[in-house]
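Following: one structure in structure tokens, then a few remarks.
The values are calculated or read from the model by the stated rules, or taken from the named source; none is laboratory data. If you're wondering where the values come from, they're calculated on a predicted model, not measured in any experiment. As a convention, Cβ positions derive from the backbone with ideal geometry for all residues, glycine included, and neighbour counts pool all protein chains shown.
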Amino acid sequence: MSRRDVRMVAPTHTVFEGGGFQVRRPVAMGQLMSPFLLLDEMGPKKYGPGEAIGAPWHPHRGFETVTYMLDGEMNHEDSAGNSGLIAAGDVQWMTAGKGVIHSELPSDKMMKEGGLMHGFQIWVNLPAKDKMMPPRYQEISASSSPCVESDGVWARVIAGDCLGTSSMIDTVIPIVYIHAKFDASSKLIQAIEKGLNGMIYVFGGELEVGGKSVADGGLAILSDGEEVVLESKNGAECLILAGPELNEPIARYGPFVMNTREEISQAIDDYNNGRFA
Ligand code: MN
């Protein structure tokens with residue numbers, strides 16, 4: 001099996017999104033991150049009563065948003081009438097496709113009592129032929145979500161396979177999305193299909209990725225190969241992400257990600273004229 005190494009490590013910026021909530025975001029690496037458009041670590045941040053903030057009503061078109069909560073609770077609502085709570089360990093895989101208008105706010109309980117908020121939102125691009133697909137949601141609760149544990153490594157398999165356990169999510173393009181937690185002196189050899197762009201986002205601790213040490217907040221972009229060796233001396237957590245290079249032009253304007261400027265103009269026009277869901 002050919003092993004993947006670290007090509008480069010993208011550092012992280014702290015930015016403020018939506019209504020002003022704090023996220024850690026690796027510096028955009030363009031095509032190196034394809035098909036991922038964005039990787040936001042929300043928090044970890046402890047809010048007092050009445051302090052929690054989120055992202056009020058906004059639209060999306062042309063890609064998928066994947067929300068994974070580690071601590072705290074978000075309330076999701078959209079203009080088509082869907083709503084639900086995303087709590088610790090829950091995953092919401094939302095395919096915006098031709099258009100969704102939604103709000104992502106702390107739950108009433110978080111608002112009232114405050115508490116720790118920590119989670120991830122990643123944006124997965126859609127190929128041109130699927131950008132205008134009907135919106136869909138896949139919600140996997142913490143209790144039904146496939147998890148696996150072996151030799152000091154725990155993993156939640158959001159998309160793809162890890163240690164013989166497969167995800168429940170149906171993805172448009174082949175995606176790997178795994179949350180792995182390492183005890184001290186533990187090791188995982190993770191297969192990532194050759195040809196896919198692979199990357200490891202390290203948070204909480206330091207992780208050896210293909211023999212190279214990656215610090216908290218680093219996004220390691222991997223070389224090609226069939227597997228990657230992840231090892232921790234003192235304990236760490238990471239996201240393992242992979243997907244295909246789409247090789248299509250990207251036209252991006254805020255919450256719309258299409259292939260051409262004309263399609264962006266169309267998205268803005270459709271939104272302004274109430275033609276979204
Ligand atoms: Mn959103």
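A few remarks follow.
- Residues that are surrounded by fewer than 20 Cβ atoms within 10 Å (Cβ to Cβ), away from the ligand (no atom under 11 Å from the Cβ) and either hydroxyl-bearing (Ser, Thr, Tyr) or in contact (Cβ under 8 Å) with a residue 60 or more places away in the chain (or both) within the stretch 45-69 comprise Lys45, Lys46, Tyr47, Gly48, Pro49, Gly50, Glu51, listed in sequence order.
- Just one of the listed residues (Glu227, Glu248) is over 30 Å from Gly97 (Cα atoms), modelled with pLDDT of 95 or more and surrounded by 14 or more Cβ atoms within 10 Å (Cβ to Cβ), and it is Glu227.
- Of all residues in the stretch 125-141, those being under 19 Å from the mean Cα position of the chain (by Cα), aliphatic (A, V, I, L, M) and surrounded by fewer than 16 Cβ atoms within 10 Å (Cβ to Cβ) number 0.
- Meets criteria (in contact (Cβ under 8 Å) with a residue 12 or more places away in the chain and either closer than 23 Å to Met168 by Cα or away from the ligand (no atom under 15 Å from the Cβ) (or both)) for Gly81: no
- A Cβ distance below 6 Å, combined with a sequence gap of six or more or placement on separate chains, defines the contacts here; from the stretch 100-116, residues that are more than 11 Å from Glu77 (Cα to Cα) reach residues that are within 11 Å of the ligand (Cβ to nearest atom) in the pairs Pro106/Gly54.
- For Gly30, the test of being within 11 Å of the ligand (Cβ to nearest atom) and either within 27 Å of Lys131 (Cβ to Cβ) or in contact with a Cys (Cβ under 6 Å, 6 or more places away or on another chain) (or both) is failed.
Residue-by-condition table, conditions (1) part of a loop (DSSP other than H, G, I, E, B); (2) more than 16 Å from the ligand (Cβ to nearest atom); (3) farther than 20 Å from Ser83 by Cα:
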{"position": "His102", "(1), (2), (3)": "no, no, no"}
{"position": "His118", "(1), (2), (3)": "no, yes, yes"}
{"position": "Pro134", "(1), (2), (3)": "yes, yes, no"}
{"position": "Glu149", "(1), (2), (3)": "no, yes, yes"}
{"position": "Arg156", "(1), (2), (3)": "no, yes, yes"}
